[in-house]
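The values are calculated or read from the model by the stated rules, or taken from the named source; none is laboratory data. Predicted, not measured: the structure shown is a model, and the values here were computed from it. Every residue, glycine among them, receives a Cβ derived from its backbone with ideal geometry; neighbour counts consider all protein chains shown.
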Amino acid sequence: MGQLTAQPVPARALRILGIDEFAFRKGRTYGTVLVDVESSRPVDVLPDRETGTVAAWLHEHPGAETICRDRLMAFTKAIEQAALDALEVADRWHLLQNLSLLAPADHSTVLRLHRDVSRRLVAQCQRATPSPQPTDN
């Protein structure tokens, strides 16, 4: 089995941080991966998914403006302890997962609804954003 090694964590604070759990051994051993969402690059791997471990990492690497996370309560508690100023959001995958739990067994319906709603929201935002007005300078 290969060994996981992480690149050095950037000195600057990550603007948008992703936090997600993964299985080293499904059902037995779990870790946490921390991702720079803007570059889509992992920045660190933690040996577990415990509140204290994640909170300690957040204390050592302050400044994230937004944290994308899954539903794991340990992550919520860690953010409450160590990153109070960060905006917590669910990532797209977990939003779709939540929708699929409420939707019929036909997941293509969920994906179609997601696509349609996303397009409508983008169109509404574009209509609501005023165009820059030319200046007479």
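In table form, for the structure just shown:
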| read-out | value |
| --- | --- |
| Among (1) exposed (fewer than 11 other Cβ atoms within 10 Å of the Cβ); (2) modelled with pLDDT under 90, the one test that GLU60 misses | (2) |
| Selection count where residues are outside any loop (DSSP other than H, G, I, E, B), surrounded by fewer than 19 Cβ atoms within 10 Å (Cβ to Cβ) and not charged (D, E, K, R), scope the stretch 38-50 | 3 |
| Single unsatisfied condition, VAL9 versus (1) modelled with pLDDT of 90 or more; (2) out of contact with any Lys or Arg (no Cβ under 6 Å at 6 or more places or on another chain) | (1) |
| Residue match in the stretch 94-109 (condition: part of a helix (DSSP H, G or I), modelled with pLDDT of 90 or more, touching a strand residue (DSSP E or B) at 6+ places or on another chain (Cβ under 9 Å) and over 15 Å from ILE16 (Cβ atoms)) | no |
